[in-house]
Amino acid sequence: MKIVASCRACSGALNYVFDLGQVPLANTYSETRAEAINLPRYPLRLCQCRRCGFLQLDVVIDSATLFSHYAYETPRGSPSLTHHYDQLVEAIATIHDAPPKRILEMGSNNGAFLELYASTCEVLGIDPAENVASSVRVARQFFTKETAIQFGKCDVFVARHCMAHIDDLKGTFEAIRAVLKPDGIAVIENAYALDTLIGAQFDQLYHEHHSYFLLRPFFDLAEKVGLNLFHAFRSPIHGGSIVMFFAHRGAGYHATDALVKLVEGEEIVEGALKMFPARATMAIEGLRAGLRSLAYSTVDTYGATAKGNTLLNVLGADALHIRYAVDSTPSKWNKFLPGTGIKVISEASAIPLNDEGFPYPRPDAYLLTAWNYADEIMEKQRAFRDAGGVFILPFPFPRIV
Ligand code: TYD
Ligand code: ZN
């Protein structure tokens with residue numbers, strides 16, 4: 001762990017925006033409750049570069065600690081994710097004239113996205129997490145300017161929700177430039193900081209997320225390495241995301257109207273940043289009040305998410321009597337959440353139609369920490385709700401439904 005004093009995009013000085021205190025690493029699912037509760041804690045605070053406006057943490061955890069054994073697995077069969085993938089494939093087909101012959105994906109996880117291309121072109125995932133099985137060919141490597149040469153050139157480079165985890169952003173952009181064919185495009189998707197700020201989504205802050213993306217700082221960063229940010233669109237996925245498109249400078253890709261409009265929309269960032277500490281504090285207090293109003297009920301969390309771990313540690317979930325965390329990811333089952341020591345159980349064991357014979361009786365309420373999948377999870381748990389169960393939704397504002 002190291003504390004940095006300067007911006008990872010431009011080396012400018014940093015200002016503090018919001019401090020969430022000392023929090024353990026979000027994706028450290030532990031074998032025992034004692035281990036989970038006693039994990040080391042690190043400062044978690046959002047900072048902004050005074051020069052280029054880039055939002056980031058000032059604490060850097062080294063990538064080997066974070067990613068060699070990675071707890072996150074892309075959920076399968078999620079309707080909102082499937083719909084989002086369709087949009088992404090369509091956008092790529094519209095922008096890159098010829099059908100791609102070769103696609104690389106950094107942070108390809110279990111291969112869920114690359115699978116969509118596997119029958120029509122050559123695909124290669126690049127992901128160091130040995131423990132996550134992949135449905136497509138994968139190089140178990142970090143994608144850096146040193147390793148890039150090994151992966152060969154591509155027509156389309158994709159990085160979904162992993163660029164925020166990178167400390168050496170400039171080096172990674174150099175690596176992207178090195179793998180892109182002359183008319184290739186790079187598609188980088190990430191949580192959009194404008195949504196994070198306006199929605200008071202304090203739970204998007206965790207140590208794996210070193211950076212919080214706005215469009216403006218990326219023009220300079222891309223230019224420094226000979227790339228060009230020429231298009232972007234917003235998506236509601238993961239609580240609000242931005243999908244950015246880059247190409248070689250001079251390759252003939254010109255800034256789209258959509259990009260210009262989105263950049264203009266970032267004029268409200270300054271005000272949103274000023275309001276963020278107050279709004280995040282209101283969100284935290286609102287959730288505490290909601291949970292207290294259910295003080296005589298049993299409450300579990302739905303989703304053993306990374307962001308949920310920030311949320312639970314900031315709320316102080318031990319004081320709020322949360323019993324279990326329900327999650328669909330088998331590798332998380334029977335592990336304990338970092339900091340709070342809450343045990344993770346499967347969706348099937350937690351939600352029997354009839355409680356008899358099941359080890360974990362249903363709770364009265366779920367705190368939905370996987371709130372980005374609210375619609376589909378609430379639909380999936382219709383029987384639980386019909387039987388009087390409620391969900392506590394943290395965002396876009398704290399409420400019980
Ligand atoms: P995600 O929201 O991507 O979380 P993170 O904050 O970790 O980036 O992860 C969703 C989590 O929710 C994942 O651990 C799987 C779980 N999940 C369920 O348990 N049931 C579901 O129906 C869905 C869609 C996800
Ligand atoms: Zn900067």
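At 7 Å along Cα-to-Cβ for each site, give me the label-to-label distance between residue 98 and residue 144 in nm.
The answer from the label model is 3.4 nm.
With the chain treated as a Gaussian network of Cα nodes joined by springs under 10 Å, which of 346, 211, 108 yields the largest mean-square fluctuation?
346
Output ³J(HN,Hα) for region 143-158: one whole-Hz value per residue in order, computed from phi by the Karplus curve 6.51 cos²θ - 1.76 cosθ + 1.60 with θ = phi - 60°, and x for Gly and Pro.
My calculation for region 143-158 gives 8, 9, 5, 6, 8, 3, 4, 5, 8, x, 8, 9, 7, 10, 10, 10 Hz in order.
Under a Cβ-Cβ cut-off of 15 Å, what is the net charge of the residues other than residue 224 that fall near it, where Lys and Arg count +1 and Asp and Glu count -1?
The answer is +3.
How much net charge surrounds residue 189 when only other residues with a Cβ under 15 Å from its Cβ are counted (Lys, Arg +1; Asp, Glu -1)?
Counting the neighbours of residue 189, the net charge comes to -2.
Add +1 for every Lys or Arg and -1 for every Asp or Glu among the other residues with Cβ under 12 Å from the Cβ of residue 88, and state the total.
-3
If packing is taken as the mean number of other Cβ atoms within 10 Å per residue, what is the order of 70-80, 166-176, 364-374, highest first?
Descending packing order for the listed peptides: 364-374, 166-176, 70-80.
From the phi of every residue in region 294-305, what ³J(HN,Hα) in whole Hz does the Karplus formula 6.51 cos²θ - 1.76 cosθ + 1.60 yield, where θ is phi - 60° and glycine or proline is x?
Values, residue by residue: 9, 4, 9, 10, 8, 10, 10, 9, 10, x, 8, 8 Hz.
Using a simple spin-label model with points 7 Å from Cα along the Cα→Cβ vector, what separation in nm is obtained for residue 399 and residue 2?
4.6 nm
Length gain on complete extension for the stretch residue 50 to residue 130, per 0.36 nm per residue less the alpha carbon to alpha carbon distance?
25.0 nm
Quick check on the chain: helices-only [θ] at 222 nm, where DSSP H runs of length 4 and up contribute -39,500 (n - 2.57) each and the sum goes over total residues. Nearest 500, please.
Calculated at 222 nm, the ellipticity per residue is -8000 deg cm²/dmol.
Tell me whether region 243-401 comes out rounded, prolate or oblate; compute the Cα gyration tensor, take square roots of the eigenvalues as a ≥ b ≥ c, and use a/c under 1.5 as the rounded threshold.
It comes out prolate by the Cα gyration axes.
Cα extents of region 61-125 along the three principal axes, largest first, in whole Å?
Principal extents (largest minus smallest coordinate, Cα): 40, 26, 21 Å.
Report, in cubic angstrom per residue, the convex hull volume of the C-alpha atoms of the chain.
That works out to 134 Å³ per residue.
If you count, for each residue, the other Cβ atoms within 10 Å and average over each peptide, how do 57-66, 377-386, 198-207 line up from highest to lowest?
198-207, 57-66, 377-386
Can you tell me the 0 to 90 degree angle between the C-alpha axis of helix 169-179 and the longest principal axis of the chain, rounded to 10?
Around 60 degrees separate the two axes.
Suppose R0 equals 25 Å. What FRET efficiency, 1/(1 + (r/R0)^6) with r the Cβ-Cβ distance, do residue 11 and residue 257 give to the nearest 0.05?
The formula returns an efficiency of 0.15 here.
Quick query: amide H of residue 213 versus all other amide H atoms, modeled in the peptide plane; which residues come in under 5 Å with a sequence gap of 5 or more or a different chain?
Placed amide hydrogens put 193 under 5 Å from residue 213.
Output ³J(HN,Hα) for region 90-95: one whole-Hz value per residue in order, computed from phi by the Karplus curve 6.51 cos²θ - 1.76 cosθ + 1.60 with θ = phi - 60°, and x for Gly and Pro.
Taking θ as phi minus 60°, the curve returns 5, 4, 5, 5, 5, 7 Hz for region 90-95.
What residue among 306, 325, 34 shows peak mean-square fluctuation when the chain is described by a Gaussian network model with Cα springs under 10 Å?
Of 306, 325, 34, the Gaussian network model singles out 34 as fluctuating most.
Using only the alpha-carbon atoms, how far is helix 269-292 inclined from the longest principal axis of the chain? Give it as 0 to 90 degrees, nearest 10.
20 degrees
Quick one: Cα centre-to-centre distance for region 229-288 and region 42-115, in angstrom?
About 15 Å separates the Cα centre of region 229-288 from the one of region 42-115.
Bear in mind these aren't lab numbers, they're just calculated from the coordinates by the rules spelled out. Everything numeric in this text was worked out from a predicted model, so none of it was measured. A quick note on method: Cβ atoms are made from the backbone with ideal geometry, for glycine too, and the neighbour counts reach across all protein chains shown.
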